[in-house]
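Asker: Handing you this structure, nothing more for now.
The values are calculated or read from the model by the stated rules, or taken from the named source; none is laboratory data. Because the structure is a prediction, the values reported are computed rather than measured. Neighbour counts run over all protein chains shown; Cβ positions are idealised from the backbone, glycine included. For accessibility, only protein heavy atoms count, side chains too; no ligands or nucleic acids. Shrake-Rupley method; radii C 1.70, N 1.55, O 1.52, S 1.80 Å.
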Amino acid sequence: MRVVKSTTKKSKFIRAIAEKDLYPMLKEMGDSEKRIDQFQRQRITQSISIGIIFLLFGLILSRWFYLGSIFLPLIVYKMKYRNISSKYATWKFQRHLQFSKFTRLLIPYLKQTRGQTSLYSIFNKILQRMENKQDKDLLYTLMTEMSNKPNDIEPFIDYANKSSGTDMSVLFMSTIFDFQQSSFDISVINELGKIASEELINGIDEIINFKLKRFVFFPTKIVMSSFVIVAGFAVAILVANLSTIQF
């Protein structure tokens with residue numbers, strides 16, 4: 001029991017010092033709390049290890065390394081978070097694109113059938129054309145829940161949140177639900193087309209912003225590359241000095 005309590009306290013501590021959106025981001029991408037805790041522990045351990053190394057550099061080589069022992073662990077700790085944030089932004093971007101593909105597949109089917117084919121049958125046709133396994137699983141889940149809850153909008157909202165998570169995707173799937181419940185009113189298809197067009201425009205804007213962000217961090221990458229060289233030089237000096245020290 002004491003071991004369990006100790007483990008729980010450690011988990012609470014590492015979660016308390018994590019950024020507020022770290023756990024939600026990783027959970028949304030499919031990671032379990034256990035895996036996130038493991039990542040957070042490694043993140044803390046690596047930062048502390050770097051601090052100890054530069055502290056030793058300060059004791060043996062130069063006092064300037066003491067500054068590195070203070071600031072570098074914080075920088076490394078934050079860089080791990082920035083890396084996750086970047087991966088999350090990429091993941092959300094890909095999710096948005098996949099949902100846009102879904103809308104571009106769906107609208108032509110709706111216009112072609114003019115409300116004469118059930119939504120379930122249309123989804124089944126789209127399912128066969130999907131390439132992404134995650135999207136296939138999400139759509140299959142939606143179809144299953146449609147059968148179990150024919151008059152419930154919640155499965156459509158869940159699909160929107162898990163597929164894209166944008167307000168536009170929720171509005172789109174809500175309109176799809178209304179289309180199903182309104183005896184397949186053809187006028188709704190035009191509204192869906194407008195929503196899909198706005199979603200596509202937003203996707204293009206995200207592509208532009210996504211590519212621009214790559215250039216923003218270019219100077220940071222150059223600085224970090226230089227830091228690797230300096231760190232290697234410092235290690236070489238440390239090794240050379242240790243060989244002359246008599247213990």
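Asker: Once you list every other residue whose beta carbon is under 12 Å from the beta carbon of LEU22, what net charge do they have if Lys and Arg are +1 and Asp and Glu are -1?
Answerer: Neighbour charge sum, excluding LEU22 itself: +2.
Asker: Same structure again: Given an 8 Å cut-off on Cα distances and at least 6 residues of separation, report the relative contact order of region 13-87 as a percent.
Answerer: Relative CO of region 13-87 lands at 30 percent.
Asker: Here's something else I'd like to know. Over 26 Å between Cα atoms, which of LYS34/LYS133; LYS27/LYS80; LYS34/LYS101 qualify?
Answerer: Correct reply: LYS34/LYS101.
Asker: Are there any chymotrypsin sites (Phe, Trp or Tyr not before Pro) in region 11-65 that are in a DSSP loop and have at most 13 other Cβ atoms within 10 Å? List them by number.
Answerer: Of the chymotrypsin sites (Phe, Trp or Tyr not before Pro), the ones in loops of region 11-65 whose Cβ has at most 13 other Cβ atoms within 10 Å are TRP64.
Asker: Heavy-atom accessible area of GLU28 with all protein chains present, probe 1.4 Å, nearest 10 Å²?
Answerer: Its heavy atoms expose roughly 80 Å² to the probe.
Asker: Follow-up. Are there trypsin sites (Lys or Arg not before Pro) in region 71-157 that DSSP puts in a loop and that have at most 12 other Cβ atoms within 10 Å, and which ones?
Answerer: Listed in order of number, the matching sites are ARG114.
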